[in-house]
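Trainee: Got a structure here, written out as structure tokens. Questions coming.
Derivation of every value follows stated rules applied to the coordinates shown; laboratory data play no part. Keep in mind the model is a prediction, meaning the values are calculated, not measured. No Cβ is skipped: glycine too gets one built from the backbone with ideal geometry, and neighbour counts run over all protein chains shown.
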Amino acid sequence: MKRPAPKHRPSPRNGEPRTAPRVAPRVAEVIVTEVGARGDGIASFEDAKLFVPLTVPGDRVRVAVKEAANAKGDGLRADLLDILEPGPGRAAPPCSHFGTCGGCTLQHMEDAAYAAWKVGLVQGALARVGLGDTPLEPLSQTPPAARRRARFAALKRGRRVWLGFNERMSHRLTDLTECPVLRPGLFALVEPLRGLLLSVLPDGGGCDVIATDLEGGIDLVLVGPRSLDRAARERLVAFGEAEGVARISWQADERGTSEPIAHRRPVAVSFAGLPVTPPPGAFLQASAEGEAALVAAVLANIGEPKRVADLFAGLGTFAVPLAQRAAVHAVEGDAPALAALNKAVGALRLTTERRDLFENPLTAKELARFDAVVFDPPRAGAAAQAQALAGSKVPRVVAVSCNPATFARDARTLVDGGYVLSRVYPVDQFLWSAHVEVVGVFSRP
Ligand SMILES: C[S@@+](CC[C@H](N)C(=O)[O-])C[C@H]1O[C@@H](n2cnc3c(N)ncnc32)[C@H](O)[C@@H]1O
């Protein structure tokens, strides 16, 4: 069985190529036995692990073995040439960009095999820290067309703009002609954005576009055009009018602050019915469905606390619903996010604190006034805060994470500090990617 040729248009390179130790490609025939944590199939080749993207267990494939899989040299990487015999868990990918686009790398897995693999990612991470016996709740899955937030990359060459996601393991761009994971309203902006960026970007120039589908309309942030002259600003304003975009901002670079360009309508995201106005580009759970699953798991397991600390609180995804049943102290490092939450809280029993929780976690003494803690750090996890919690007497901790590996590391710290990890909820919010989120429930016996 031949692999279908990708239907995407040829893409330019967006940045420098990845450097990896190279060896001359060799063609080989192998059988895939499992799918690894990054979503690549794994086969055995000359006593080494061979990583073959886009394959499933049972696939007999012809591959070009080409390079060490990582800088440490443990394992080899191969390109898939032909599927000689498909494995039992193989399915037809729904998107024509599958195979090249780096956004979804697992559309070729049949639903049950895919769900089992995602749960296995969480189980594997827990097993590696000696917590493999933890009971897992069923996987909660976000459907297609649900992603409310996307970061597109764009590049202009001559009279053409490429706009989409980076290809797998590459800085090349997949020029999107469809995207089954995005909300339709977000995808509908892709073609108009190409037209806009053709007139805004210089030849050879690129930028990122963060698009969020909010209550009130779509919020756009252009990140990267170094400067915007008056004509470009006027084009952005006209684009907002023509396409009904609620808010447009511009940010000169990744670390810069965003500057409002057009604000046609108020935008908001509601947590437990409370509208919060996110600052441009603010963190938001990727889908309303995923957010609902995470919030439900937190609320179902928080117990009946009087005082809760919500650490890494963002805009208040957990803090606001928690504040309807307890006094909540929300701690977060990002000032604009906290300002947005503060502005919205009204009569809720919710206090906020800006604090770097990596450098300056809440100490055991500070934690003593809470009878429950929720923490939801970025992918790096919350090593220092977990250490402080391990030395505290807080009876109940609910940890939310987008990275099973750092979640497991922090869970081990809590368990070593005397907590019992009673259950874990896997949440699949990034459909067809190698990402999976978790909620873990810890209590002191
Ligand atoms: C995964 S998000 C979760 C946000 C929120 N709980 C939610 O669900 O929407 C992680 C949050 O941690 C914040 N953050 C990142 N590094 C931090 C640090 N060192 N100290 C405090 N907050 C940090 C980010 O600004 C972001 O809001």
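Trainee: Among Ala246, Leu220, Gly206, which residue has its Cα furthest toward the positive end of the charge dipole of the stretch 149-270, with +1 on Lys/Arg Cβ and -1 on Asp/Glu Cβ?
Mentor: Gly206
Trainee: Follow-up. How large is the helix-only mean residue ellipticity at 222 nm for the chain, computed as the sum of -39500 (n - 2.57) over DSSP H runs with n ≥ 4, divided by its residue count, in deg cm²/dmol to the nearest 500?
Mentor: Details: 10 runs with 101 residues, N = 445.
Calculated at 222 nm, the ellipticity per residue is -6500 deg cm²/dmol.
Trainee: What residues qualify as long-range amide H neighbours of Val276, i.e. H under 5 Å apart, gap of 5 or more or another chain, H built at 1.01 Å from N?
Mentor: Placed amide hydrogens put Val269, Ser270, Phe271 under 5 Å from Val276.
Trainee: Give the peptides 192-200, 87-95 in descending order of average Cβ contacts within 10 Å, highest first.
Mentor: Final packing ranking: 192-200, 87-95.
Trainee: Show the residues, 5+ positions off or on another chain, whose built amide H is closer than 5 Å to the amide H of His435.
Mentor: none
Trainee: Given +1 on the Cβ of Lys and Arg, -1 on the Cβ of Asp and Glu, and no further charges, what dipole in debye does the chain carry about its Cα centre, rounded to the nearest 20?
Mentor: Values: 54 positive and 48 negative charges, 119 e Å.
For the chain, the charge dipole is close to 580 debye.
Trainee: What is the distance, in nm, between label points placed 7 Å from the Cα along the Cα-to-Cβ direction at Thr363 and at Glu254?
Mentor: Computed distance between label sites Thr363 and Glu254 equals 3.4 nm.
Trainee: 7 Å from Cα along Cα→Cβ at both Asp82 and Glu137: what's the point-to-point distance in nm?
Mentor: 4.8
Trainee: List every residue whose amide H lies under 5 Å from the amide H of Leu350, counting only residues 5 or more places away in sequence or on a different chain, with H placed 1.01 Å from N in the peptide plane.
Mentor: Amide H to amide H, under 5 Å and 5 or more residues apart or across chains, Leu350 pairs with Val328.
Trainee: A follow-up question, please. How big is the dipole moment of the stretch 26-90 about its Cα centre under a simple scheme where the beta carbon of each Lys and Arg is +1, that of each Asp and Glu is -1, and everything else is neutral? Debye, nearest 20, please. Could you put the intermediate results ahead of the total?
Mentor: On the way: 9 positive and 11 negative charges, 30 e Å.
Taking the Cα centre of the stretch 26-90 as origin, the dipole is about 140 debye.
Trainee: Using θ = phi - 60° and the Karplus relation 6.51 cos²θ - 1.76 cosθ + 1.60, list the HN-Hα couplings for the stretch 291-302 in order, rounded to whole Hz, with x at every Gly or Pro.
Mentor: 4, 4, 5, 5, 5, 4, 5, 5, 5, 5, 10, 7
Trainee: Placing unit charges on C-beta atoms (Lys and Arg positive, Asp and Glu negative, everything else neutral), compute the dipole magnitude of the stretch 149-270 about its Cα centre in debye, rounded to 20.
Mentor: With only Lys, Arg, Asp and Glu charged at Cβ, the dipole is about 220 debye.
Trainee: From the backbone phi of the stretch 157-171, what are the Karplus-calculated ³J(HN,Hα) couplings (6.51 cos²θ - 1.76 cosθ + 1.60, θ = phi - 60°) in whole Hz, Gly and Pro given as x?
Mentor: My calculation for the stretch 157-171 gives 10, x, 9, 9, 10, 8, 9, x, 10, 5, 5, 4, 6, 8, 9 Hz in order.
Trainee: Note the per residue figure in Å³ for the convex hull of the C-alpha positions in the chain. Don't skip to the end; give the middle numbers.
Mentor: Values: hull volume 64.7 nm³, N = 445.
Spelled out: Cα convex hull of the chain, divided by residues, is 145 Å³.
Trainee: Of Phe98, Phe51, Phe283, which has the largest mean-square fluctuation in a 10 Å C-alpha GNM of the chain?
Mentor: Result: Phe283 has the largest fluctuation of those listed.
Trainee: Pick out, in residue order, every one of the GluC sites (Glu not before Pro) in the stretch 30-106 that is DSSP loop and has at most 10 other C-beta atoms within 10 Å; say none if there are none. Intermediate results must be reported in sequence, preceding the final value.
Mentor: Working: sites: Glu34, Glu46, Glu67; in loops: Glu46.
Qualifying residues, ordered by number: Glu46.
Trainee: In addition: In the chain, with Lys and Arg counted as +1 and Asp and Glu as -1 at Cβ, which of these residues, Ala48, Thr351, Pro395, has the Cα nearest the positive end of the dipole, that is, farthest along it?
Mentor: Towards the positive end, the residue furthest out is Thr351.
Trainee: If you don't mind, another one. Residue by residue, what Karplus-based ³J(HN,Hα) values in Hz, rounded to whole numbers, does the stretch 320-332 have, using 6.51, -1.76 and 1.60 with θ = phi - 60° and x for Gly and Pro?
Mentor: 5, x, 5, 5, 7, 10, 7, 7, 10, 10, 9, 10, 7
Trainee: Counting other Cβ atoms within 10 Å of each Cβ, which chymotrypsin sites (Phe, Trp or Tyr not before Pro) in the stretch 147-192 have at most 16 and sit in a DSSP loop? Let's see the in-between values first.
Mentor: Details: sites: Phe152, Trp162, Phe165, Phe187; in loops: none.
Passing both the DSSP loop test and the Cβ count: no residue.
Trainee: Counting other Cβ atoms within 10 Å, keep those with at most 10, restrict to DSSP loop, and tell me which GluC sites (Glu not before Pro) in the stretch 351-445 are left.
Mentor: Values: sites: Glu353, Glu359, Glu366, Glu437; in loops: Glu359.
Answer in residue order: Glu359.
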